[in-house]
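Visitor: First the structure, then my questions, so here it is.
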Amino acid sequence: MGLCESMRGWRRQGSAAVFRAGVGVLLLGLSLAQTAPPRAACPAAAAPQSLAQPQYQNSAGEDTVVAFMAALVQSFLHTVQPNPFPKDLILKIVQDIERVQSNQEILKETLLYQVGFLVCTAIGVLYIVLMPIVGFFLACCRCCGNCGGKMYQKQTSSIHCRRRSLYWSAFVTTVIILAGNICMFRSNEALNVSMDQSPAELNKTLDNINTFLGAVPQQVDYVVNESYKTVQHVTRNLDAIGPQLGAGIQERFRGTLDPALNSIRLLDQETVKTDGQLDNLNSSLALLQSSVDRLQANVTAVKNQINQTLFNTSCKNCSTLIPELQKLTLGASISSQGLNELQSAVDEVIKTNLTSKIKEVEDYFNSIPEIVTNDTKDVVQNSKQLLGDIETQISQVTNDIPLSALTNVSGTLDQVQREIVRVTPVLERAEYIRWAVYVLLCAVVLLVVVCNLLGLVLGPLGLTSKADPTKRSCTADCGGIFLMMGAGFSFLFGWLFMILVLVLFLLGGNMYTLVCQPWNNGQLLELIDTPGVIPGLEIGPSLGLKTNINISDVYRDCDRNQPLWTTLHLYEVVNLEDLLNVSKYTDQIEQNFENTDITLSTITLLSPETKQQLSSFSTTAQEFDSAALTQQMNNISSINLNTTAAKLDELAVLQTNNNIKKELQNEAQDLRQIQAAIETTINPQLENLNSTIKGLRSIVEKINGTVGEVLSNVDAAQDFLNTNTTQIVETESRKFLDCQLHYFVVYADWANLTITQQVGRCGPVAGAVDSVENILCSNIVESLNAFWFSLGWCIIFFIPSIIFSIKLAKYYRKMKYSDVYDDHIIMNHIPRAQMKFT
């Protein structure tokens, strides 16, 4: 309905010419959208960025329950209407619409096409007519004591089997009706949601079209503006030719200069570390020597005391300990022989000031961009003038591609949106009323289901299998009454519901077979493409094309998200290759660069004297040996005064003289204290000193290789600079020029690819058509069809439900007369003459 209103609004706004222009502009906007990835061949390639696509709003998805019901409904409709889409019949009606009512052949063909719907209509009418009549006669018959109205039930051997059969038949029928009723509720809710969302979804669709129409000119301008950006980027590169071209030359030098400089830096760092380690080692040795001298004095004093005690005449067996006493010493002074030579070699290297050598080379390296800038001033100025001519030529693209009609179509869509906003409140009120009526219908069907279920629950619950029918419980009797109520409601409302089902069936079924199905498979668009169906709908001539374009072809291309360039055959009116050809300007720029020279001076990395000092340093480091120093520390660490102290204790035990014994024990204690001092003072210093020696040894072991690497890398770098500097400058200059010219090649390729394949991809147009189809068919029509199908499902099963409920009710209701069945003997409690319904 919203689509029809939109089309009527367009017709009120303008003539067929406006509509043709709108369709043309709509499709023109589709071909200017996406972007090709740039061919980045240069270090800082200024290739155009990706063409930004408009952000479109997404439509709501389908309801899963409706989708499930759609399969059943469509299967039924395909059975009712197996005929193909009547394209020829519709063309006859359109061509002879004024005399269609008097044309018997067209009427006959139309009725023949609709024979399936006519048969279903006849069945529905028969249901509408017979249902109240049968219900009326059944009610009268029961009131007269027939058709189950007599309150007497004959007891037979198969009564329980019959009751169970009727019970399960009624139960299955009720469950089927309940399933249909659930589908009614869900389809009604889905239809309500669809109707509520339809205005918003239609507005989203129109917003997407407006977004698309507004994006097409922006995309064309973007393509042109990218040419300005390319020119500006090349201009900036020319202005920064020193840093950029100089950086390229520097990068070529880095391959040989960086290893040389890095090895020199590493050697300088190792030299500084070696110097630091030597200072640390000397200070540690001095501290250790001071500690050893102090403890040696203590050992000497204790040794003298022990000596006096041992030579005392009162000391027994003391002469055996005199040889042990001679071992009490901490050793001589620690020698640092070999460290002085290494220190002298390190000092010589430090005096060469390798840091200044590195800075001298780096200063030369960093001056390259300034040299390049000074040597290329004239060629840069001439090239910038030619870039302005390139800008002027490419700007003609905007004038050659017509985009003015887009504004008119966008204005028309704005008016349609305002009309939708105006009628939305009215539609919402009408939809609320429809929803309430449908809920009432669902509730009535649910009432029948509830009556049947109550009867099926209360009946067996209050029934005693062998009880006298006249003595059945109130619960069982209520169950029977509920079953009769369900049958009564079915008779009362079934025929009324069938009227609604018939109307909705004719409306929704024909909408599906004549609109939705051919719309989905493309036959509807083929019908629109037929000449004469929509007068004045000729897209090609309206755009000045040599060939006409069909709506179905346009939709097919847009569905594949094709650009407008191919969809509307814009190549017939725009010569894009000529507009993007700038080779005559780039050739002149190339000629100017070929006539320019850039010269660089040479530099000496390390002098021969410095290399000789480094070689001497490597030799000294290689000859350094720390084994003697390590052996002295091992001798000190092996001293253990506790052994002598233990022997003094053993000797003290043998003494009878308490004074001698006391002196020996005190002297043993003094030795242990000195040993404790060694362990707490000397040993940590020895460990620290040993760690320093290991660190110095690891550094010294690397120096020979580092010096060799420095000399090798420096020689290689010096040879490279002397022989390749001129060639590098020429190569990098050519590369810089190729990059600048390549930017225009990349832009031309990108602009051609973008306009012909990516600008204005018309996916949103096909998406708008699909969105309208989704709103009308997938949501509204499918929900409507699901509702009448569910309702028809329920009322068809009203018939077996009535039969089973009426027959089953008598097995639960309280009878007025009884018929007892016991041991195959039937005993009648009343005479046959009295067995009449009262």
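Visitor: Heavy atoms only, probe 1.4 angstrom, no DNA, RNA or ligands counted: give me Tyr432, Tyr127, Tyr228 ranked by accessible area, highest first.
Guide: The ranking, largest first, comes out as Tyr432, Tyr228, Tyr127.
Visitor: With every protein chain left in place, what is the accessible area of Ile499 in Å² (1.4 Å probe, nearest 10)?
Guide: It works out to around 70 Å².
Visitor: Just subtract the alpha-carbon distance of Arg697 and Ile106 from 0.36 nm times their residue separation and send over the number in nm, one decimal.
Guide: Separation in residues times 0.36 nm, less the Cα-Cα distance, equals 201.6 nm.
Visitor: Sorted by accessible area (1.4 Å probe), largest first, how do Asp207, Asp557, Asp597 line up?
Guide: Asp597, Asp207, Asp557
Visitor: Continuing with this model, one more query. Run down the aspartates and glutamates and flag those whose C-alpha is under 18 Å from the C-alpha of Lys108, throwing out any fewer than 8 positions away in its chain.
Guide: Output for Lys108: Asp88, Asp96, Glu98.
Visitor: Moving to a separate point now. Could you list the residues of the stretch 473-502 with an amide nitrogen less than 14 Å from a label point located 7 Å from the Cα of His160 in the Cα-to-C-beta direction?
Guide: No residues fall inside that zone.
Visitor: Quick one: how many Å² of Lys229 are accessible to a 1.4 Å probe, rounded to 10?
Guide: Its accessible surface works out to 100 Å², give or take rounding.
Visitor: Using amide H atoms built 1.01 Å from N in the peptide plane, name the residues 5+ places from Val759, or on other chains, whose amide H lies under 5 Å from its own.
Guide: Those lying under 5 Å, H to H, from Val759 are Leu32, Ala33, Gln34.
Visitor: Taking 27 Å as the cut-off for C-alpha to C-alpha distance, list the pairs among Lys303/Lys694; Lys584/Lys735; Lys92/Lys204 that go past it.
Guide: Beyond 27 Å between Cα atoms: Lys303/Lys694; Lys92/Lys204.
Visitor: Still on this model: Zone of Glu526 (label point 7 Å along Cα→Cβ, backbone N under 20 Å): which residues in the stretch 80-94?
Guide: Taking a point 7 Å out along Cα→Cβ of Glu526, the residues of the stretch 80-94 whose backbone N falls under 20 Å are 81-94.
Visitor: Check cross-link reach from Lys351 to the aspartates and glutamates: straight Cα distance under 19 Å, and skip same-chain residues fewer than eight apart.
Guide: Of all the aspartates and glutamates, those that pass the test against Lys351 - Cα under 19 Å, at least 8 places apart if same chain - are Asp268, Glu270, Asp275, Asp279, Glu341, Glu360, Glu609.
Visitor: Treating the Cα atoms of the stretch 644-755 as identical point scatterers in vacuum, please give the log10 of the normalised Debye intensity I(q)/I(0) at q = 0.17 Å⁻¹, two decimals.
Guide: Cα-only, vacuum Debye calculation for the stretch 644-755: -0.96.
Visitor: Follow-up question, since we're still on this one. Evaluate E = 1/(1 + (r/R0)^6) for Asp587 and Tyr228, where r is the Cβ-Cβ distance and R0 equals 22 Å; express this FRET efficiency to the nearest 0.05.
Guide: 0.55
Visitor: Can I ask one more? Provide, in order from the shortest bin, the percent of all Cα-Cα pairs of the stretch 154-236 in each 10 Å bin, continuing until the bin that contains the maximum pair distance.
Guide: Using 10 Å bins, I get a P(r) of 14, 15, 14, 13, 11, 10, 8, 7, 5, 3, 1, 0 for the stretch 154-236.
Visitor: Counting only protein chains, not ligands or nucleic acids, how are Val426, Val346 ordered by accessible area (probe 1.4 Å), most first?
Guide: Heavy-atom accessible area, descending, gives Val426, Val346.
Visitor: Counting Lys +1, Arg +1, Asp -1, Glu -1, what net charge surrounds Pro86 among other residues with beta carbon under 10 Å of its beta carbon?
Guide: The answer is 0.
Visitor: Using a probe radius of 1.4 Å on heavy atoms only, what accessible surface per residue do you get for the stretch 181-332? Whole Å² is fine.
Guide: Value for the stretch 181-332: 43 Å² per residue.
Visitor: Given points 7 Å out from each Cα along the Cα-Cβ axis, report the Ile433 to Asn642 separation in nanometres with one decimal.
Guide: Placing both labels 7 Å along Cα→Cβ, they lie 11.0 nm apart.
The values are calculated or read from the model by the stated rules, or taken from the named source; none is laboratory data. Source: prediction; values computed, not measured. Every residue, glycine as well, gets a Cβ built from its backbone with ideal geometry; the counts of neighbours run over all protein chains shown. Just so you know, the surface numbers come from the protein's heavy atoms only, side chains and all, with ligands and any DNA or RNA stripped out. Shrake-Rupley method; radii C 1.70, N 1.55, O 1.52, S 1.80 Å.
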